[in-house]
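Chemist: To start, I am sharing the structure in question, which I have written as structure tokens.
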Amino acid sequence: MDALTDFIIPIVGLKLGDHSYQFEVDGKFFKEFDNIELQEGCLQIDLILTKRSNLMELTFHVKGSMQSLCDRCGGGLKLPLQHQEMRIVKFSQEDFNNTDDVLILGNDEHEINVSHMVYETIALGLPSRRFHDEETNGQVCDEDVLKRLEEYHEQDEKDDVDDRWSALKNLLTDKE
Ligand SMILES: [Zn+2]
């Protein structure tokens, strides 16, 4: 887990107020999370940690790009990504019920590893539809591949129709 030790923030003795941190992530970081959708990318993370008397607010802002595959032509795609998420960390000795939005730390914890929060912010920022698009990512699909896919699709439909005809013909000849 060496790639994630950079994400440990000491919280003992941290003064009340804002503290800022910067991180960078690449393929080594994503390897630790083992998700086929998120494997290669290059992003910068700005974190503002606001310490209050009874809790901490962590605001993550990620910016960069992820490598993906195009849903239309299957070619490599560089997805620009910019996203912000806020997480709340509370301290408690008794209540250890973590929710999606609030992480509970024991009163005696002296550090926090924010790598999972960084990862979640990136995952949440990914667009659900991913394809080459001149307007949103300045990239275009491979025309040759699209043409071949279209031809293949047409041939496939023709074969389907042929299959249905021969099934019908067999039905008719069976009856005779
Ligand atoms: Zn494409």
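The values are calculated or read from the model by the stated rules, or taken from the named source; none is laboratory data. Not measured: the values here are computed from a predicted model. Cβ: placed from backbone, ideal geometry, glycine included. Neighbour counts: every protein chain shown.
Chemist: Please return the ranges of strands (runs of 3 or more DSSP E) entirely within segment 2-97 where 1 or more residues are outside the structural domain of Glu150 (by TED's automatic domain parsing), among the hydroxyl-bearing types (Ser, Thr, Tyr) and within 16 Å of the ligand (Cβ to nearest atom).
Modeler: Correct list: 55-69.
Chemist: So if I check each of Glu85, Glu24, which one is at pLDDT 95 or above, more than 30 Å from Val145 (Cα to Cα) and in contact with a His (Cβ under 9 Å, 6 or more places away or on another chain)?
Modeler: Answer to the selection: Glu85.
Chemist: Looking at Leu77, Leu103, which one is under 24 Å from Glu24 (Cα atoms) and touching a helix residue (DSSP H, G or I) at 6+ places or on another chain (Cβ under 9 Å)?
Modeler: Leu103
Chemist: All but one of (1) in contact with an Asp or Glu (Cβ under 9 Å, 6 or more places away or on another chain); (2) within 22 Å of Ile11 (Cα to Cα) hold for Arg130; state the number of the condition that does not hold.
Modeler: Unmet condition: (2).
Chemist: Given the options Arg148, Arg164, name the one that is modelled with pLDDT under 90 and surrounded by 10 or more Cβ atoms within 10 Å (Cβ to Cβ).
Modeler: Every option except Arg164 fails the conditions.
Chemist: Additional query: Kindly evaluate Glu111 against the criterion of being away from the ligand (no atom under 16 Å from the Cβ), in contact (Cβ under 8 Å) with a residue 60 or more places away in the chain and closer than 30 Å to Pro10 by Cα.
Modeler: Here the answer is yes, as Glu111 does meet what is asked.
Chemist: Looking at segment 37-51, which of its residues are in contact with a Gly (Cβ under 9 Å, 6 or more places away or on another chain) and surrounded by fewer than 19 Cβ atoms within 10 Å (Cβ to Cβ)?
Modeler: Gln39, Glu40, Cys42, Gln44, Thr50, Lys51, listed by residue number.
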